[in-house]
1. Given the residues 226, 221, 207, which is the only one that is assigned by TED's automatic domain parsing to the domain that holds residue 279, at pLDDT 95 or above, closer than 22 Å to residue 122 by Cβ and surrounded by 15 or more Cβ atoms within 10 Å (Cβ to Cβ)?
2. Any chance region 150-166 includes a residue that's within 26 Å of residue 22 (Cβ to Cβ) and touching a strand residue (DSSP E or B) at 6+ places or on another chain (Cβ under 7 Å)?
3. Only one of 110, 123 is in the same structural domain as residue 78 (by TED's automatic domain parsing), closer than 20 Å to residue 281 by Cα and within 18 Å of the chain's Cα centre (by Cα). Can you tell me which?
4. State whether one or more residues within region 233-253 are over 30 Å from residue 352 (Cβ atoms), in a helix (DSSP H, G or I) and modelled with pLDDT under 95.
5. Please indicate, with yes or no, whether at least one residue in region 147-167 is within 20 Å of residue 12 (Cα to Cα), out of contact with any helix residue (DSSP H, G or I) (no Cβ under 7 Å at 6 or more places or on another chain), in the same structural domain as residue 279 (by TED's automatic domain parsing) and at pLDDT 95 or above.
6. Consider residue 153 against the criteria (1) surrounded by fewer than 23 Cβ atoms within 10 Å (Cβ to Cβ); (2) over 18 Å from residue 105 (Cα atoms); (3) over 18 Å from the mean Cα position of the chain (by Cα): it satisfies all of them except one. Which criterion is unmet?
7. Please verify whether region 286-301 includes one or more residues that are under 22 Å from the mean Cα position of the chain (by Cα), under 20 Å from residue 171 (Cα atoms) and at pLDDT 95 or above.
8. In the list 222, 193, 228, which residue meets the criterion of being within 24 Å of residue 113 (Cα to Cα) and over 19 Å from the mean Cα position of the chain (by Cα)?
C-alpha cells in the first residue's frame, strides 16, 4: 500500500467516520459504515455530484452548511481531495513549512500539507460548520490545525495576514463568481493578490476538478497570470498561451493511479460513480519575479498530456513542451532498448526525445530514437545538472 493510501486508510478514514458520527450523535463501527449508512451517504453524494458537475447549481453555494451534503463531502470527496493534494505536493522541490489553505472546507488539503511535512498550517473558509469539522478531524487524527474565517466572494477577499511558503485552493476557484461576467479576470486578480502572500521560492497551488469546463477555466486564468509575468512551476513546460485552449473540445488534466479507501469504494458503488483513477487539473505558480523551471539545453522535452492513443501497430500520445502541443508516435516494430520507455508512459510523465521526424500534426519516432523519462508523473523536474546525458 502506498503512503498516501496508508495515511487515508489507517489515520483519516476512522477520523472522518468518528467526526461524522459525533455530529450526528450516533454510534457504529470505527472503521466502516453500516449498509444503511452507506445507502444514505451514497444518495447525498449523488446529489452533490450532480450539483457540482452537471447542472452545477451548487457551485458557489454554501453546501457545506447542509449537514447531509457536508457528510457526503466528508466521507467521499474529502479522501479524494486529500489524495489530490498529496500528489500535487510531491511536485514541489522544497517541502513548505508554513501553509495557508483557502476555501478549505473540512481541510483535506490543509491536512495533506500536514502529512507532507508542513509545521504550521492554517485552514480558512467562510463556513463555520466546515471549519469546526476541520478542527474536529485534525484533533481525531492527532494533528494541530489553525482555523480562520475567509470569504473569497467578499469584496477584496483578503486572506489572513502573514506570508507563507505555500498557499492552496482546492476546488475553490471554479466556484467563485460562477456564471458571472468577468469571472476569469476576477479569479486571476484574486490569485495575484494571494501570490503577494507567498514567500520567495514558495508556491501557489490551485487544484480544480478535471471537467472540461473547470479545466479550461483554470487554463484561462493561467494564461492571464503568464501574461502578467508569473511563471508556472508545474505542470506547464510551454511558456506562452496554453495550446490546449486553441480548440474548444480540448482541455488538460492530470491523472494519477491510486488506491481508494474501502469507504470510498463502497460509497461510490452506492452512488453509481467510479473512482478508479485520481483525476484533477492543477497549477503550481511561482511568486512574481521568479523564473520558469530551468531546462536542460539541447533536450527536446514533452509532458505527456493524454492516455495512450493506441492504433494498429502504433503507439501514440499527446505531448506538450516548450515547442507546444504535438502528437508523438512510434510504430511497435521500431521498439528498441533506447526507446522502450515509450511503451510504458503515463499521463504526466516528462520525457526527453531525440531523433524524431515531423510528420502530419506531430512527431514520428523511429528505431534510432531515444526516449528518457526525466521526471515521472507526480515528481518534480530535476535540476539540469542531475539529468542523464
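1. Testing whether each residue is assigned by TED's automatic domain parsing to the domain that holds residue 279, at pLDDT 95 or above, closer than 22 Å to residue 122 by Cβ and surrounded by 15 or more Cβ atoms within 10 Å (Cβ to Cβ) leaves just 207.
2. Yes.
3. Being in the same structural domain as residue 78 (by TED's automatic domain parsing), closer than 20 Å to residue 281 by Cα and within 18 Å of the chain's Cα centre (by Cα) holds for just one of 110, 123, which is 110.
4. Checked region 233-253: no residue is over 30 Å from residue 352 (Cβ atoms), in a helix (DSSP H, G or I) and modelled with pLDDT under 95.
5. Checked against the condition, which is being within 20 Å of residue 12 (Cα to Cα), out of contact with any helix residue (DSSP H, G or I) (no Cβ under 7 Å at 6 or more places or on another chain), in the same structural domain as residue 279 (by TED's automatic domain parsing) and at pLDDT 95 or above, region 147-167 yields no hits at all.
6. Among (1) surrounded by fewer than 23 Cβ atoms within 10 Å (Cβ to Cβ); (2) over 18 Å from residue 105 (Cα atoms); (3) over 18 Å from the mean Cα position of the chain (by Cα), residue 153 violates only (2).
7. Within region 286-301, one or more residues are under 22 Å from the mean Cα position of the chain (by Cα), under 20 Å from residue 171 (Cα atoms) and at pLDDT 95 or above.
8. Working: 222 fails: over 19 Å from the mean Cα position of the chain (by Cα); 228 fails: within 24 Å of residue 113 (Cα to Cα).
193 is the lone residue from the list that is within 24 Å of residue 113 (Cα to Cα) and over 19 Å from the mean Cα position of the chain (by Cα).
The values are calculated or read from the model by the stated rules, or taken from the named source; none is laboratory data. What you see is a predicted model; the values in this text were computed from it and never measured. Methodologically, a virtual Cβ is constructed for each residue, glycine included, from the backbone with ideal geometry; neighbour enumeration extends over all protein chains shown.
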